[in-house]
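Trainee: The following block contains the structure, expressed as structure tokens.
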Amino acid sequence: MSKFANNDVLDGSLSVVATATRMVAISGQPASYAAADAGKLAEATLTGADFTLAAGDISGRKVTVAAKSGLSVITAGTADHIALLDPALSKLLYVTTCPAQALVGGGTVSIASWAVEVGAPS
């Protein structure tokens, strides 16, 4: 017997990710919202327009986060993670890795578009 999940089920978790209103570049994986906020090297404000739900590349569904360019570097350090935050609820919603990049205080950085994919049940 095969398994099935309606796209609405898969989109449900991705819709929570898409409630993020801030994206931060950080060094290391944060354990909490407070750690991500305190450790931010650069940040971008997000709106609903920055998220696009679609069919997954492999299976299931995905939400793509729009690229952000010319972000001011707040603190020098090596960015190797990107986190999505919900400041209104003080929630760390999602963390992913990124290619390590040394950031210089007062400089700028760009974050390419990226996606979170939820696979179909197998």
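Any read-out appearing in this document is the output of simple, stated calculations on the displayed coordinates, not a laboratory observation. Quick caveat: nothing in here was measured; it's all calculated off a predicted structure. Cβ: placed from backbone, ideal geometry, glycine included. Neighbour counts: every protein chain shown.
Trainee: Once the convex hull of the alpha carbons of region 21-122 is built, what does its volume come to per residue, in cubic angstrom?
Mentor: 106 Å³
Trainee: Here's something else I'd like to know. May I ask you to evaluate 6.51 cos²θ - 1.76 cosθ + 1.60, the Karplus curve with θ = phi - 60°, for each residue of region 31-46 and list the ³J(HN,Hα) values in order in whole Hz, giving x for glycine and proline?
Mentor: So the Karplus estimates, Gly and Pro as x, are 8, 7, 4, 4, 5, 5, 5, 5, x, 5, 9, 7, 8, 9, 7, 10 Hz.
Trainee: Can you compute the helix-only [θ] at 222 nm over the chain? Use -39500 (n - 2.57) per DSSP H run of at least 4 residues, normalise by all residues, nearest 500 deg cm²/dmol.
Mentor: -4000 deg cm²/dmol
Trainee: Continuing with the same structure: Could you pull out every residue, at least 5 positions away or on a different chain, whose amide H is within less than 5 Å of the one on T78? Hs are placed 1.01 Å off N in the peptide plane, and Pro or chain starts have none.
Mentor: Result for T78 returns L103.
Trainee: Neighbour counts of other C-beta atoms within 10 Å: give me R22, R61 arranged from fewest to most.
Mentor: R22, R61
Trainee: On to the next question. Could you list V118, V63 in order of exposure, starting from the residue whose Cβ has the fewest other Cβ atoms within 10 Å?
Mentor: Ascending Cβ contact count within 10 Å gives the list V118, V63.
Trainee: Give the lysines reachable from K3 as a straight Cα distance under 29 Å; neighbours fewer than 8 places away on the same chain don't count.
Mentor: Excluding near neighbours in sequence, the set is K62.
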